[in-house]
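The structure appears right after this line, and notes come after that.
The values are calculated or read from the model by the stated rules, or taken from the named source; none is laboratory data. Every value quoted in this text rests on a predicted model; they were computed, and no experiment measured them. Cβ coordinates were reconstructed from backbone atoms using ideal geometry, including for glycine residues, and neighbour counts include every protein chain displayed.
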Amino acid sequence: MCFVRYYSMTTKNMNTVEKGKRGEDIAVKYLVERGYKIKKRNYHAGHKEIDIIAELPDTIVFVEVKWRKESIISSPIDAVNYRKQQYLFKAANNYVIRNNIDKNVRFDVIGIIEDNFSFEHIEDAFSPFGG
């Protein structure tokens, strides 16, 4: 887990879709700077969506990005509840099968909180096998 000041994340006058895209742009920049190869953004499997699919040499990483204006109520990570995880597992399974992936799979969450410019990356945040 890490907290970093990234660059201005103000979203004044942006709608929800624009804020979501902005958060994903920040997450992609962060991941690329750390050696991840971005394979796909906004992958859809039916009604299910994965924000970012990235690759490391031996691992496919499915990343959920959560943006919050402020951290008073809860962390952005808390928004990835059991139901959302199940959607992500199904969409990831679809991607793995369609692309004949033979690598380890990991689910990460990137949380961005605008009011204090914090950025949190939780690697291996949850698993379809529990834990």
| The lone exception for residue 81 - which of (1) surrounded by 14 or more Cβ atoms within 10 Å (Cβ to Cβ); (2) closer than 21 Å to residue 69 by Cβ it fails | (1)
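Name the single residue, out of those in the range 85-106 being touching an Asp or Glu at 6+ places or on another chain (Cβ under 7 Å) and of a type outside the set (Gly, Ala, Ser), that is surrounded by the fewest Cβ atoms within 10 Å (Cβ to Cβ).
104
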| message | Among the residues of the range 33-42, are any closer than 22 Å to residue 129 by Cβ, among the acidic types (Asp, Glu) and modelled with pLDDT of 75 or more? | response | no
| request: Select from the range 25-34 the residues that are under 17 Å from residue 107 (Cα atoms) and either loosely packed, with under 15 Cβ neighbours inside 10 Å or in contact with a helix residue (DSSP H, G or I) (Cβ under 6 Å, 6 or more places away or on another chain) (or both) and list them in ascending order. | output: 32, 34
| query | Hey, residue 124 hits all of (1) touching a strand residue (DSSP E or B) at 6+ places or on another chain (Cβ under 8 Å); (2) in a helix (DSSP H, G or I); (3) surrounded by fewer than 15 Cβ atoms within 10 Å (Cβ to Cβ) but one; which does it fall short on? | reply | (2)
